[in-house]
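These notes are about the structure you will find just below.
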């Protein structure tokens, strides 16, 4: 009894009131609580926000509130506050059964528990039993006073006052977010993620019981260091739940037989580059909400790592952006192939690092030319050796193709027609256009870039390139590509007319090539309608690919962070397969993936020779789709009435007649390099060996061989190259046979007309 003398008069009196009330109510259940509740009204309420305050955690979440990345808070604690609705009801039931079974009925102090504990503690001369309610523990967690009679009395008084000012649910929520669960885990969400690798909303009954038992002695019941004691405590909580009637005997029996199931789980570390930028902000604000999708982010990160295995160290890094077109928001952002991989400087964010974009800027030159009525998709361009002052561009393969339509020139990614198109538009105008599309890294003047701008003589980031293509995917509506929820949908501005954008879609539409497409055909599935463009920087330092339709956009960069070149760094070989794989794996939507062009694109009769809207003098014509209204601005001027009035008129080509006549001669077969793999023609497909096929040498005398076969809509000779060296020719129905050799081989098939298909195989020793 001497211990009572150490209490202040006020606290001693309050404690006596509690004891008397508890003792008087030993036989009645409601009366003691009623007395305490009435007595509490004699005390002033406390400001609830002070005692129910939950310090901010630090995390980055996705669009659905799922955790992408967890951070230590400013105090070095793992803390992720959640509302009561975000916590499993099993956790609530287990916590109340273990800590405060009369929580919903008492006024902040449980008189029955107080009477029992007081008698034991007074008779034994020490604190042998506690009587803390959850409300009192909320107060204790906020005060962090040492364990003592005085502290208990103060907590009891404050708990009574707190329950006057705060609802029960608010008190319970504060407890579950501030309770200690061992080590530096504060709150049930952090504990659930650490011990079970899942949010508190998804905990099972035995998992919830384990966590509910930890706050009593976080160290003593540590699941890793003291699993036996942790199991005993969990089972004790389960029995208390059964006794309280919140679970059935059958549920209790099943849960008691479950293994402990707790193990060490790292907190999510998705989108680490983005998280690294956001650490301070997350701690200041208690979290950062993104537009990313945790599932898509995880799949994209895994896809990059898996894709790089194909190249056996020749390509070591990659970056990916996945965007929702309608919302203009990022769904995934992969800054490198491995954030913690020092060998590849993995912490460098390659989404924001300027690189040469190769041919990926060509669509913007064509789009601007069409917008200004300087070009039609059907218009014939001269792919021949041309001089532009002191600049003389060449195609990737060094050859020329003669007369090609603008649509075909873009699909084949021909350099010379692209430079012609930019020459019509002007470098200054294209540069301003790209900047309006969001390419802020283009800081030099137009004279510094020159006509080479359209071939990749510039510096863009994957993030800005994806944002610019987003404007094309949104049919001319430019919107900053964002990953922040609070800025989603802001800053929309027109970049192109809808008609021009639709015309560009028609130019860029191609099936995704390679193995994926073949698998779709074999399973009877219909390939998705998509647009795509690839790019390869000069010297094979960077490979790019962008795939999009009305649902999604996927942008990929592949390369080496140190800038090391590789012959594998070709857009269609290194970047496009990854972009296609990610695109194919995106969730289906119930909206149309392809825009309705009705009323925007109309059938127009054009001259068969020039591709321009036909004049009365054009003898041969064909029908093409052009933007409504725009086709009226220019007519075919090649065919004109004869000055002397003779029938048939005359032809007036815009350059040397000899050059244009030469252009109409049959094309020669290009070299094995093709067009840089920028666009694989849909007319030709290698059927044997399949792309990315793997072979093991048998070691038999005479070696191993594989037939080379390809399908083409026409019966035409096929020319075959292996790693750039000419192998031979095959005819319809007569395949060429190739000797297998260990290593990776690039197989190229070409027709005399320039149709190109490629396949990569890997052969290992027997």
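Each value in this text was obtained by applying a stated rule to the coordinates, not by laboratory testing. Since the model is a prediction, treat every value here as computed from it, not as a measurement. Positions of Cβ are generated from backbone atoms using ideal geometry, with glycine treated the same way; all protein chains shown enter the neighbour counts.
Sorted by mean Cβ packing within 10 Å, highest first, what order do the peptides 484-493, 62-71, 210-219 take? Can you show the working numbers first?
Working: 484-493: 13.2, 62-71: 19.9, 210-219: 22.5.
My ranking of the peptides, most packed first, is 210-219, 62-71, 484-493.
Report, in whole Å, the centroid distance computed from the Cα atoms of segment 693-737 and segment 353-401.
The distance from the Cα centre of segment 693-737 to that of segment 353-401 comes to 34 Å.
Can you sort 483, 557, 653, 104 from fewest to most other Cβ atoms within 10 Å of each residue's own Cβ? Display every interim value, and only then the final one.
Working: 483 25, 557 30, 653 17, 104 9.
Fewest-to-most ranking of 483, 557, 653, 104: 104, 653, 483, 557.
Does anything in segment 224-248 have its amide N under 12 Å from the 7 Å Cα→Cβ label point of residue 260, and if so which residues?
Answer for this model: 224-235.
Highest mean first, how do 224-236, 316-328 rank when packing is the count of other Cβ atoms within 10 Å averaged over residues?
On the way: 224-236: 17.0, 316-328: 23.6.
The peptides rank, most packed first, as 316-328, 224-236.
Take the Cβ-Cβ distance between residue 697 and residue 564 as r, set R0 to 25 Å, and report the resulting FRET efficiency rounded to the nearest 0.05. The partial results should precede the final answer.
Working: r = 30 Å, r/R0 = 1.19.
Approximately 0.25, to the nearest 0.05.
Taking 7 Å along the Cα-to-C-beta vector as the label spot, tell me the residue 447-residue 652 distance in nanometres, rounded to one decimal.
3.6
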